[in-house]
Amino acid sequence: MSLLTEHDMASTILAGPILRRASCERLVFWLASRVPLQFRLLLPEQAPLAATGERQQQLRVGEHCYLQLLDLPLDTPLPADTLVPYDLQWRRDEQDHWHGLADWAPDLCYEGESLPQLVIRSRLDGLLHGSCRKPHHAAPDGLVAADVWLGGCHAQPRSRPAALMLSGDQVYADDVAGPMLTAIHQLIEELGLYPETLEGALVADSAELFASPLNYYRRHELLPSIKANVPLRERFFEGARKPIFTTSSANNHLITLAEVLAMYLLVWSPEPWRGLTEEQPPLDEELRARYLTERRCLAQFVEGLPAVRRLLAHLPTLMIFDDHDVTDDWNLTAAWEQSAYGHPFSRRIIGNALVGYFLCQGWGNDPQAFAGEPMALIRAWCERQDAGRQDALIDHLLRFERWHYSLETSPKLLVLDTRTRRWRAESNFGSPSGLMDWEALTELQGELLHHDAVVIVSPTPVFGVKLIEVIQKIFTWLGKPLLVDAENWMAHQGTANVILNIFRHTRTPANYVILSGDVHYSFMYDIRLRHQKGEPHIWQITSSGIKNEFPARLLDVLDRLNRWLYSPRSPLNWFTRRRRLEITPHPPADASRGERLLNKAGIGHVRFNEEGEPVLVQQITAEGVVDFAADQAAQPAAALSREDP
C-alpha cells in the first residue's frame, strides 16, 4: 500500500503530460519526473496499456530528474472525431499501487470532466499555431488565451483543432530574465541536474560559473580573453546585435545543459516553481530595479502555467525550433558559423541548447528519427557525464539532418527545418545564408508531389513584408546583416529561386497554406501566380508572438510605408523576386485604413475546407478573437484592396 501523500503524488511529476503525437493507432506523451516511474494508459473499452520495453524511454538527467517519452501503439484503434477520456497512471515499483490523474493532476480537467479528453481528428481541418513565447515579456501569454478558448469548445469534438503547432522560439535561451535565472539555479540544485566542465571559458566548470560575481547580467564578460580571441571578436562579435551573449538582452544567456533543461521545466509546468524562494542575487541599484520589473512580468507568466499545462495535455502538440531556442542569429551567415563553431566555449553553448531542444521538443515530434545513434549517445552521457561524451553528442546533433518531419494527414502537414541545412553564400561568407539548401529543397519538392493540398510550417514567413526585407537587404549590402536579423526566404538568390520554382511546378499541390511565426506580428496574404489559370493558390498565414510583440509605433510606420511604397502600380515591385506574384493582403477585422499587420500577442487559429483552403483565420488573444478575411470568394470585390506587399 502506498504511503504517498497528495502533495508527494503531485510533486512526483515535474512537467507533463504533454500529448505529442496522436493518431487512432498511436499516442505519444512527454513527461518529466523526480524519480523513475512505471506508466500505464487507461482508455475506454480497452485493457490497460502498460508502457513497457520500447514503449517507455526514460532518461536520467539529474540526481532527481527523469525525462520520459511514452510511445504507445494501440491494440484497438481509437475512434476519430470522438471525445476520448484518458487516464495516464504511474507507480514507483511493483509494491506501489497505480496513481491516476485524478490523484496527481486533477487540475488538468476542464469543467465537467473527470479526466482529460483527447480527440483524434479524421482530417487536418483545423490548427492552432504560433511562435515566440518570452516569459518576461509584458504581453499576456497566448497559450493561456488558447486554453480559455479551448475550454469553450472542448466538449465539441469536431470544433477542436487537430493539433497545436508551436513554430519556433518556444524558449528564449539567449534572452533570460534575472528572476528566471535565479529560479533555474534553484531548480538545478533541488533536482541535482548534472554539472559540466567548460573548455575555453574563464570559468572551469558550471559550479564556478554559478558562484561567479559575473553570473547575473554580466555573462558576456565570461567570454575568452580579448587578447586570445581578437580574430573571434572581429569576425563574430563586431557590429553584431545579439550573437551569443554580447548585448543587454543576452547578458543572462543560458550556458550549461542543466540550465537549458531547467528552463524547459519552468516554462511548461507550474510544479517546478512550487517551493522556490524569491531569493535575489547581489545587484547594484540599476540592475535591482530591472530585476524587480522582470519579476512582476514573470509572476504573471507563472500564474498562467496551470492553464498551459492543461492545454498541452488535451491537444496533440508539435514543435520546431527557431533561433532563440538556441541563440539569436543562429547560423545566419557562414562567417557566423565559422566563428561560433570554431571556439569550444561557444560551440558548447550552442550544442547544449540543441541537446535541450532534442530532449524536450524534437524527441516527441518524431521518436523514430532519434532511435539510433542520437539515443545511444544521450544514454552514454546519462550513464557518465564527462566532457568527451557530451561533446560527442553535440557533434552528432550539429550534423543531424532529421529535425524536419511530416504527418500523413489530409491535407499533408510538412514541418520545415530552416535553421540547420542552410544554403551558404560561398562568394561572401558575411552574407545571409539561404534558409534551406538545394538538397533540402529537393527533398521538400519530392514530399509535395502528387498531393492536391498541403500545409507547410516554415518558422520564418516565405512571403513577408517587402519594406522590412528591403531594409534587411540594405544592411546586408553594408556588411551588417546581423544588425537587422536579415533572415528571410528572399535574402538568398538560390533559395528564393528554388522555392518559387517549386510553387510553379505542375505536379506540386494546387493549394498551399504556409504557417509561420518569428516576426512578432500577425498577417495573412493570398498569393497567386500572374498569368496562370488559378493554380497554385498560396496562403501565407503568420501568427507571432505567443508572448511577444513588435514595437507598436515602429510597426505602424513600417506597415503604412510598405503599402505606399509597394502599391500595385509602384515600379519598385519590379525590383523584387516576387514580381510574378499577385499578393492580396487580408487585413484584420476592424483594422484602420492602410493597416495590414496585427500586433497582438496570442495564438493563431486556422480552419480548412475539404480542398485544404483556409476558410477561417483568427488570432486568439487575451482580449478576444480577431478575425482575418479568410474566404476571399465570400467577400465583395470592392472590400479587398489588391496590392503586392
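In plain terms, the C-alpha convex hull of segment 327-381 casts an average shadow of 4.5 nm² when viewed from every direction. Taking θ as phi - 60° and the Karplus parameters 6.51, -1.76 and 1.60, the scalar couplings of segment 542-557 work out to 10, 10, 6, x, 5, 9, 5, 8, 7, x, 4, 5, 5, 5, 4, 5 Hz in sequence order, x denoting glycine and proline.
Put a dot 7 Å past the Cα of ALA102, heading toward its Cβ, do the same for GLU45, and the two dots end up 2.1 nm apart.
Considering every Cα-Cα pair within segment 60-152, what fraction, in whole percent, is farther apart than 16 Å? Tail of P(r) above 16 Å: 74 percent of Cα pairs. Here's how it looks for THR333: its modeled amide H is under 5 Å from those of SER433, which are all 5 or more places away or on a different chain. Set the Cα radius of gyration of segment 141-191 against 2.2 N^0.38 Å, with N its number of residues, and you get 1.68. Taking amide H atoms as placed 1.01 Å from N in the peptide plane, the amide H of ARG26 lies under 5 Å from those of LEU74, each 5 or more residues away in sequence or on another chain. Between GLU303 and ALA204, how high is the FRET efficiency from 1/(1 + (r/R0)^6) when r is the Cβ-Cβ distance and R₀ = 35 Å? Nearest 0.05. Computed FRET efficiency for GLU303 and ALA204: 0.35. Shown in residue order for segment 276-286 are the 3J(HN,Hα) couplings computed by the Karplus curve 6.51 cos²θ - 1.76 cosθ + 1.60 at θ = phi - 60°: 6, 8, 8, 4, 10, x, x, 9, 6, 4, 5 Hz (x for Gly and Pro).
Between ASN501 and GLU447, full extension at 0.36 nm per residue minus the direct alpha carbon distance yields a gain of 18.0 nm. For segment 135-147, 3J(HN,Hα) computed residue by residue from phi via the Karplus equation (6.51, -1.76, 1.60; θ = phi - 60°) reads x, 9, 6, 6, 5, x, 7, x, 5, 5, 4, 5, 5 Hz, glycine and proline entered as x. Could you compute the net charge surrounding ASN548? Neighbours are other residues with a C-beta less than 9 Å from the C-beta of ASN548; K and R count +1, D and E count -1. Net local charge, ASN548 excluded: +1. By a 1.4 Å probe calculation restricted to protein chains, CYS132 has an accessible surface near 0 Å², given to the nearest 10. Working note: Debye formula, equal point scatterers on the alpha-carbon atoms of segment 35-87, no solvent; log10 I(q)/I(0) at q = 0.14, 0.17, 0.22, 0.31 Å⁻¹ is -0.45, -0.62, -0.86, -1.26. Computed over segment 1-135, the P(r) tail beyond 21 angstrom holds 45 percent of alpha carbon pairs. Taking one quarter of the surface of the C-alpha convex hull of segment 385-437 gives a mean projected area of 5.8 nm². Shown are ASP452, ASP328, ASP175, whose ranking by accessible area with a 1.4 Å probe and every protein chain present, most to least, is ASP452, ASP175, ASP328. Take segment 322-428 with all the other protein chains still there, run a 1.4 Å probe, and you get 31 Å² of accessible area per residue. Between ALA380 and ASP93, what is 0.36 nm times their sequence separation minus the Cα-Cα distance? Round to one decimal in nm. Using 0.36 nm per residue and subtracting the Cα-Cα distance, I get 100.9 nm. In plain terms, the chain from GLU582 to ASP556 could stretch by 7.0 nm, reckoned as 0.36 nm per residue minus the Cα-Cα distance. Segment 285-371 has equivalent-ellipsoid semi-axes of 28, 25, 10 Å, by the square roots of 5 times the alpha carbon gyration tensor eigenvalues, sorted largest first. Calculate, in whole percent, how much of the Cα-Cα pair population of segment 80-209 lies beyond 17 Å. The calculated P(r) of segment 80-209 puts 75 percent of pairs beyond 17 Å.
If we count every other residue with Cβ under 14 angstrom of PRO116's Cβ, Lys/Arg +1 and Asp/Glu -1, where does the sum land? Surrounding charge for PRO116 is -3. A simple spin-label model places the labels of ASP75 and ALA387 5.2 nm from each other, with each point 7 Å out along Cα-to-Cβ. Accessible surface comparison of LEU115, LEU558, probe 1.4 Å, protein chains only, largest first: the order is LEU115, LEU558.
The values are calculated or read from the model by the stated rules, or taken from the named source; none is laboratory data. Small disclaimer: the values here were computed from a predicted structure and weren't measured. All Cβ positions, even for glycine, are placed from backbone atoms using ideal geometry, and neighbour counts span all protein chains on display. Note: areas computed on protein heavy atoms with side chains; ligands, DNA, RNA excluded. Shrake-Rupley method; radii C 1.70, N 1.55, O 1.52, S 1.80 Å.
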